[in-house]
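Encoded as structure tokens, the structure appears first; notes follow it.
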Amino acid sequence: MARVVVDPVTRIEGHLRIEIVVDEKTGKVRDAVSSGTMWRGIELILRGRDPRDAWAFAQRICGVCTSIHALASVRCIEDALEIQIPKNANYIRNIMYGSLQVHDHLVHFYHLHALDWVSPVEALKADPVQTAVLQNQLLEKYGAIAEVMPDFLAHRAYPKKFPKATPGYYRTFQEKIKKIVESGQLGIFAAHWWDHPDYKLLPPEVHLMAVAHYLNMLDVQRELFIPQVVFGGKNPHPHYLVGGMTCSISMNDMNAPINTERLAVVEDAIYTQIEAVNLFYLIDLLAIGHIYVQKGQVYGGGLAKKRVIGYGEFPDEPYKGIKTGEYHNRILYHCNGVVENFAEGVDKAKYYPMVGKDFADPNVIQEYVAHSWYKYPDETKGLHPWDGITEPNYTGPKEGTKTQWKYLNEQGKYSWIKSPRWRGKPCEVGPLARYIVVYTATKQGHIKPSWMDEMVIKQIDTVSKVLDLPPHVWLPTTVGRTAARGLEAQLGAAANLYFLKKLYDNIKAGDTAVANTEKWDPSTWPKEAKGVGITDAPRGALGHWVIIKDGKIANYQCVVPTTWNGGARDPMGGQGAFEECMKDTPVKVVDKPLEVLRGIHSFDPCLACSTHLYDTEGKEIVSIKVQGTNTCY
Amino acid sequence: MIEAKKIYIFSPGLRVWHWINFLTIMVLFFTGLYIGNPFFLGPVGVEATYAYREGITMDFIRKVHFIAGYVLLASFLFRVIIAVFNKRDRLVFPAVWRKDYWTSLKEITLKYTFIMKDKEGYEYIRNALARTFYPLVYLMILFMIATGFAMYGMSKPSSFWSFLLGWLLGFLGGEFSVHAWHHWVAWLIIIFAVLHVYFVIREEAIKKNGELSSMFSGYKVFEKEPVDIKDIEE
Amino acid sequence: METFWETFKRHGVSRRDFLKFATTITGMMGLSPSMIPHVVRALETKPRVPVLWIHGLECTCCSESFIRSATPLASDVVLSMISLEYDDTLSAAAGEALEKHREEIIKRYWGNYILAVEGNPPLGEDGMYCVVGGRAFLENLKESAKGAKAVIAWGSCASWGCVQAAKPNPTTAVPIHKVITDKPIIKVPGCPPIAEVMTGVIMYLVLFDAIPPLDSQGRPKQFYGNRIHDTCYRRAFFNAGQFVERFDDDGAKKGWCLYKVGCRGPTTYNSCGNIRWYNGLSYPIQAGHGCIGCAEEDFWDKAPFYQRLTTIPLPNVEASPDKVGAVAVAAAAAGAVAHGVISKIRNKGGK
């Protein structure tokens, strides 16, 4: 048995360490440890502040999935203060959210994940002429994936971003890489395990194509976020507002934040998103994924096979509250639920809906700290975010010193990430989780599918046909997790067009309001209020919980995606998705565990998110009774 | 009982300075209040660039504030210069090393807490409480000048003022905090002014000693020889 | 290490186009035409600078902003201007292999590499609130700084402390200049800094092999010289006294000044007003939200963001200077009247 440490894990957000125990003979991972190695305490910093400012603080939890914590935060405060935002603000927020999905997923695939699948060293062996031929073939072979996507506006005459299938194009990229390698200054490509056998799985031409697109998309990705810059003023970290948005719309005033020209800028950016996803991202994804699956790489599912959770997104229209259940009455993306045992087949999987009341129920979502560097009076029990108690309790490693680790102590405490659980059980979150929930809920007939749900089904069926495998086989795998992310980027781009059209129609109908300021003044607030704000972040289900007292934040709690996925074990022995995925992944070269790294990267880990947690003694035990309506039938 | 005696206290320069100082501080205070919180809007329905023709704008009020700021600075420098040339005008610092300062401090405290009657005890050209507070007021004015010109100067980062005072902004915790400081100290000066006016009227009402008119005439009437008379006589 | 000119030649760029590029760059950097020969010489002779980009307590918004740069494009910076040898976000390698590579770069380019720091070190719990490679980031930072030619403090985290250092600063996070005291530090504050400001700073370092001119706070003058307020396109409305009173009101639709809803533009030094975000596309004020002052020291503790002057923490009271001042003056006046009446009574009667 060998114990292998990878620290730091790069091409992620924040600081992560993994340790695996590998059987050298079989390459089987017997045990795996995932540890978040940073902690900032933003929730403690939020205490005593003005609730209207909370979005800005919460947004700084993460700059990669920027804007998502701001969205969860304004939703949370609006839920507490019972503010309903105007229609335009809802559409605008959805476009900003959809743009995040597209950008985050695409940058993850090319710039954080691609180098686990392809290698610039292999790309040097490719023939540029053959690569150009291959590009043409792939566009023909997988191009049909673009057809599952509806175009609500049909304003684009023809695609402006299109993959170049000329030998000269690929030769230029190949020469650039060659010169970098020859100069001896490898820069970002330095010191990686390029000699790993997995890099031989693909033909060199696929490597060259993907590496060229890695660089090409590095230049294009900035444009995908333009809607956030127009509506929120900047990116990363655009500006939100409790009660709506600040970007007032007027067609009568020259200096209005939003006029026809600004809308055109947004529209153009959304079409760029669509082209980048349909013509680059999905084609490359299917080309690489198809070969890996053909070579037998259908592992790495881990927890996704057993249990996944999602919260639901894209409210079609404004709603009155989240804990009231109204939010879930309005959403179009019905990934709000828990699905167990999907790997046994969609018919055998078990589906449980997640609606408003579940987020206020102290027994549904709880966090444990038995194996995290925090203290509870009784660490065998979990606590609902509204009742959380935590004090940091750093204990050091199993081997090594307090400030110089060798191996972490998985029997004791070993991470700055807590362990959130659904009814005491670990769940995987993320695009894969959401796709499993929507697919199961639709196929089993629990929901009346919206156009988005139907698009998800079409996407999954199209890919199943390409791979010639049923969804329950290919979806819960490392390849499936990466594929679901790409498909969701397409869904996000389609949603952006849909909501842009709704925004146009609403302005045409004479409604230009973007903010509801009726409850702007703290004197209009109740003495005490509690709220929950949920969203489905690029990396998975995200919830913020707040208690407001006398106009100030008394308690603020976040349970975030990478906490679900990367969290430590619970006292019942349940392991999070990272650890389960690693255990489900065989390793070919023990001291170069590329497969494990690829599996971890397929989650797109975000450590600043997961380890921002710090909640001091939440003295009041809050129990809220809310009326929930279950629309998922 | 000795004869009541008229003593020449305030030089003409000082009197002129006092009233200019009073006027500029009033202008600065009220324009400053508006700048901090523009409670009425400027001309509406006018193209912003041409609004200056149409009545009172923020721009105009700020201009008044800045001009008054320069006047305050000039009068402050003038105050320093006359102190250099005229002993009478150097009566600024509390003479804490002298016994009569402490006697005066005790007496004035007792008088203001109604234990002693005002006409009892010694007489002073300037009582210890006044001697303690006036230098603080000078310091506050200096602070307002320094912070004011630091903020003013930074609109042109290569200007004389930003070179001279720019460092102050970082030193006081950033420009945003300096704005707040500028407001706090402005209010302290106004509180001083209110109390100052009150104590002058009170002195006049009780002693009928010409306190109120002294800042015009320069003279004040004393019933006894003031203990600290040496501080103003050559 | 090869020069820019060599790099360009390799790409088949003609001498003529190379000189054109040099002229454009000179203009972009705000330099006079007389500097063109210097720029040309710089591009011909300076080698690609190795850069180590390390991450402490942060949210990676600086890296994200960096890759949004359009002029120069981030890919040109990373692949042709500098040699980014270590970066948690972009490096292909991971774990021990990467840590070894970092040590090797430090040794090989001792005194010649640039250290870029995103985020900051926590001092609490011996620095173990942020661990890299099994050790405190604090140690990593000190070690990496020793042989650096210069240090770039990316963003408000490295420059000022930012959100994790906001009260009560649970991890005792400190800006990097508290730890690195013997190296020139270029502060590039902002949460995050504007993309083109970040690449602009790197470009200056590469082109002129010198630290850009800094202000008294250590920020490059060419990007942090002016207030946003003094470069804002809504300044005319401020001067005219035309203000937004409430979000989405008539003034907001007209694009009036956001001063009264808490804009920090008058006290924030950054290029949002002139360079703007996304190559001039927009900035927060243009989208109708006041500036929150994210490039300024301790801006988090100067909240609430929707008020002009900060309050003092009195229980259940919004205590701004003007409110407290008005109450205090009224109290002083009332006190004076009461005192006067008593004084008059007390001093009545014979001499």
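The values are calculated or read from the model by the stated rules, or taken from the named source; none is laboratory data. What you see is a predicted model; the values in this text were computed from it and never measured. All Cβ positions, even for glycine, are placed from backbone atoms using ideal geometry, and neighbour counts span all protein chains on display.
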Task: Set B:Phe149, B:Phe176: member being in contact with a Lys or Arg (Cβ under 6 Å, 6 or more places away or on another chain), part of a helix (DSSP H, G or I) and crowded, with 18+ Cβ neighbours inside 10 Å - done: B:Phe176
Open item on the list: Yes or no: region C:146-159 includes at least one residue that is aromatic (Phe, Trp, Tyr), within 18 Å of C:Ile54 (Cβ to Cβ), touching a helix residue (DSSP H, G or I) at 6+ places or on another chain (Cβ under 7 Å) and within 9 Å of chain A (Cβ to nearest Cβ).
Closed with: no
Task: Residue satisfying all of: in region A:252-262; more than 7 Å from chain C (Cβ to nearest Cβ) and either touching a strand residue (DSSP E or B) at 6+ places or on another chain (Cβ under 9 Å) or of a type in the set (Lys, Arg) (or both); farthest from A:Gln228 (Cα to Cα) among these - done: A:Asn259
- [ ] Filter the strands (runs of 3 or more DSSP E) completely within region A:331-415 down to those with at least 3 residues that are more than 14 Å from chain C (Cβ to nearest Cβ) and within 25 Å of the chain's Cα centre (by Cα).
- [x] A:331-333, A:337-340, A:350-353, A:365-368
- [ ] Could you list all residues from region C:230-244 that are more than 8 Å from chain B (Cβ to nearest Cβ) and of a type outside the set (S, T, N, Q)?
- [x] C:Cys232, C:Tyr233, C:Arg234, C:Arg235, C:Val244
Task: Near pairs, Cβ below 6 angstrom, 6+ apart or cross-chain, from region C:253-269 (outside any strand (DSSP E or B)) to any residue that is among the hydroxyl-bearing types (Ser, Thr, Tyr) and modelled with pLDDT of 95 or more - done: C:Lys253/A:Ser248; C:Lys253/A:Ser250
Task: Scan of region A:147-193 for residues that are farther than 19 Å from C:Pro50 by Cβ and assigned to a helix (DSSP H, G or I), ordered by number - done: A:Glu147, A:Val148, A:Pro167, A:Gly168, A:Tyr169, A:Tyr170, A:Arg171, A:Thr172, A:Phe173, A:Gln174, A:Glu175, A:Lys178
Task: Selection count, region A:333-350, where residues are touching a residue at least 60 places away in the same chain (Cβ under 8 Å) and surrounded by fewer than 21 Cβ atoms within 10 Å (Cβ to Cβ) - done: 5
TODO: Of all residues in region C:118-145, count the ones that are buried (at least 21 other Cβ atoms within 10 Å of the Cβ), in a helix (DSSP H, G or I) and more than 10 Å from every other protein chain (Cβ to nearest Cβ).
DONE: 3
TODO: Would you check which residues across region C:79-117 are assigned to a strand (DSSP E or B) and either charged (D, E, K, R) or more than 7 Å from chain A (Cβ to nearest Cβ) (or both) and list them?
DONE: C:Ile82, C:Glu85, C:Tyr86, C:Asp87, C:Tyr113, C:Ile114, C:Leu115, C:Ala116, C:Val117
Open item on the list: I need the full set of residues from region A:219-251 which are buried (at least 23 other Cβ atoms within 10 Å of the Cβ), over 27 Å from C:Asp249 (Cβ atoms) and more than 8 Å from chain C (Cβ to nearest Cβ), in order please.
Closed with: A:Leu224
TODO: Search region A:1-27 for residues being part of a loop (DSSP other than H, G, I, E, B) and within 14 Å of chain C (Cβ to nearest Cβ), and hand back the single one that is surrounded by the most Cβ atoms within 10 Å (Cβ to Cβ).
DONE: A:Gly14
Open item on the list: Anything in region B:54-65 that is of a type outside the set (Lys, Arg), part of a helix (DSSP H, G or I) and within 9 Å of another protein chain (Cβ to nearest Cβ)? List them, or say none.
Closed with: B:Met58, B:Asp59, B:Phe60, B:Ile61
Task: Residues satisfying the stated conditions in region A:190-218, i.e. within 11 Å of chain C (Cβ to nearest Cβ) and of a type in the set (Gly, Ala, Ser) - done: A:Ala190, A:Ala191
Open item on the list: Residues that are at negative phi and within 13 Å of chain C (Cβ to nearest Cβ): list the helices (runs of 4 or more DSSP H) wholly contained in region A:29-146 that include at least 1 such residues.
Closed with: A:42-46, A:54-59, A:68-81, A:87-107, A:120-123
TODO: Working carefully through the options B:Ala74, B:Ala51, B:Ala68, find the one that is in a helix (DSSP H, G or I), of a type in the set (Gly, Ala, Ser) and surrounded by fewer than 18 Cβ atoms within 10 Å (Cβ to Cβ).
DONE: B:Ala74
- [ ] Could you tell me which of the residues C:Val197, C:Val179 is modelled with pLDDT of 95 or more, of a type in the set (A, V, I, L, M, F, W, C) and surrounded by fewer than 18 Cβ atoms within 10 Å (Cβ to Cβ)?
- [x] C:Val179
- [ ] Could you list all residues from region C:60-83 that are over 11 Å from C:Glu196 (Cβ atoms) and without any contact (Cβ under 8 Å) to a residue 24 or more places away in the chain?
- [x] C:Ser75, C:Asp76, C:Val78, C:Leu79
Open item on the list: Residues that are touching a residue at least 60 places away in the same chain (Cβ under 8 Å), facing chain C (nearest Cβ under 9 Å) and more than 27 Å from B:Lys6 (Cα to Cα): does region B:204-212 have at least one?
Closed with: no
Open item on the list: Being farther than 18 Å from A:Asn90 by Cβ and part of a loop (DSSP other than H, G, I, E, B) is the filter here; which residues of region A:245-269 pass it?
Closed with: A:Ser250, A:Met251, A:Asn252, A:Asp253, A:Met254, A:Asn255, A:Ala256, A:Asn259
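If only one of A:Thr517, A:Thr562 is crowded, with 24+ Cβ neighbours inside 10 Å and either in a loop (DSSP other than H, G, I, E, B) or under 14 Å from the mean Cα position of the chain (by Cα) (or both), which one is it?
Only one candidate passes the filter, namely A:Thr562.
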Open item on the list: Can you tell me which of (1) touching a strand residue (DSSP E or B) at 6+ places or on another chain (Cβ under 7 Å); (2) of a type outside the set (Phe, Trp, Tyr); (3) crowded, with 24+ Cβ neighbours inside 10 Å is the one A:Ala529 doesn't meet?
Closed with: (3)
Open item on the list: Can you tell me which residue is farthest from the chain's Cα centre (by Cα) among those in region A:8-30 that are within 20 Å of A:Gly396 (Cβ to Cβ) and touching a residue at least 60 places away in the same chain (Cβ under 8 Å)?
Closed with: A:Glu19
Open item on the list: One residue is enough: does region C:109-119 have a residue meeting the conditions of a type in the set (D, E, K, R), under 28 Å from A:Trp405 (Cα atoms) and not assigned by TED's automatic domain parsing to the domain that holds C:Ile292?
Closed with: yes
- [ ] May I ask you to verify whether C:Thr181 is of a type in the set (S, T, N, Q) and more than 11 Å from every other protein chain (Cβ to nearest Cβ)?
- [x] yes
Open item on the list: Restricting to region C:233-250, give me the number of residues that are buried (at least 24 other Cβ atoms within 10 Å of the Cβ), in a loop (DSSP other than H, G, I, E, B) and either in contact with a Pro (Cβ under 9 Å, 6 or more places away or on another chain) or aromatic (Phe, Trp, Tyr) (or both).
Closed with: 4
Open item on the list: Looking at region C:281-298 only, could you name the residues that are within 11 Å of chain A (Cβ to nearest Cβ) and either touching a helix residue (DSSP H, G or I) at 6+ places or on another chain (Cβ under 8 Å) or more than 19 Å from C:Ala236 (Cβ to Cβ) (or both)?
Closed with: C:Leu281, C:Ser282, C:Pro284, C:Ile285, C:Ala287, C:Gly288, C:His289, C:Gly290, C:Cys291, C:Ile292, C:Gly293, C:Cys294
